[in-house]
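The structure appears right after this line, and notes come after that.
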Amino acid sequence: MKINTKIINFDIRGDARGSLIALEKEHNVPFDIKRVYYIFDTTDGVRRGFHAHKNLKQLAICVKGSCKFLLDDGADKNIYNLNEPTKGLYIEGLIWREMFDFSPDCVLMVLADAYYDEADYIRDYANFLTEVTKLKSECK
Ligand code: TYD
């Protein structure tokens, strides 16, 4: 399984009236979009996520306000500050994620390449590390 995380910058189709960004499958979104969900009205101080996916591609865009994303591949941890609607955080592969520091006005929109499926979740960090070890030994 491929692991890939990166920031994607979106072109703004704006004019004197304001800004517009279009998200299109395989143009600036590197997968076939099957699902969109968004997180908003987040309670102050809340940290959420705490899971990895066995097989899911996602693109997270903070369309309003700001929040932080911790991505952990089992060896390295990186924190991304999502604070503008012009950039998206692409996440593919076995990556543990946590979201925190939501601003009160934050609207975090997430695009995904599959429908919601609880069976695709790993919600226990020890299990996640076991899966990472398995994956590494398969790739040797
Ligand atoms: P949860 O996975 O706890 O959110 P997070 O990972 O952001 O902390 O999801 C919250 C609830 O919403 C849970 O009951 C599952 C449900 N849900 C859906 O029904 N569809 C979805 O696409 C997602 C992401 C969650």
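The values are calculated or read from the model by the stated rules, or taken from the named source; none is laboratory data. Here the structure is a predicted model, which means the values were calculated and not measured. Positions of Cβ are generated from backbone atoms using ideal geometry, with glycine treated the same way; all protein chains shown enter the neighbour counts. Ligands, DNA and RNA are stripped out before the accessible areas are found, and what is left, the full protein with its side chains, is counted by its heavy atoms. Shrake-Rupley method; radii C 1.70, N 1.55, O 1.52, S 1.80 Å.
Just one of (1) near the ligand (Cβ under 10 Å from one of its atoms); (2) on the phi < 0 side of the Ramachandran plot trips up G49, so point out which.
Of the numbered conditions (1) near the ligand (Cβ under 10 Å from one of its atoms); (2) on the phi < 0 side of the Ramachandran plot, the odd one out for G49 is (2).
Tally up the residues in the stretch 28-45 that are assigned to a loop (DSSP other than H, G, I, E, B), within 12 Å of the ligand (Cβ to nearest atom) and open to solvent by less than 50 Å² (accessible area, probe 1.4 Å), please.
Residues in the stretch 28-45 being assigned to a loop (DSSP other than H, G, I, E, B), within 12 Å of the ligand (Cβ to nearest atom) and open to solvent by less than 50 Å² (accessible area, probe 1.4 Å): 1 in total.
Go through the stretch 51-62 residue by residue and tally those that are assigned to a strand (DSSP E or B) and open to solvent by 60 Å² or more (accessible area, probe 1.4 Å).
Taking the stretch 51-62 as the starting set, the residues that turn out to be assigned to a strand (DSSP E or B) are 51-53, 57-62.
Filter again for open to solvent by 60 Å² or more (accessible area, probe 1.4 Å), leaving 57.
Total satisfying the criteria: 1.
Looking at the stretch 83-140, which of its residues are away from the ligand (no atom under 16 Å from the Cβ), in a helix (DSSP H, G or I), open to solvent by less than 30 Å² (accessible area, probe 1.4 Å) and modelled with pLDDT of 95 or more?
V132
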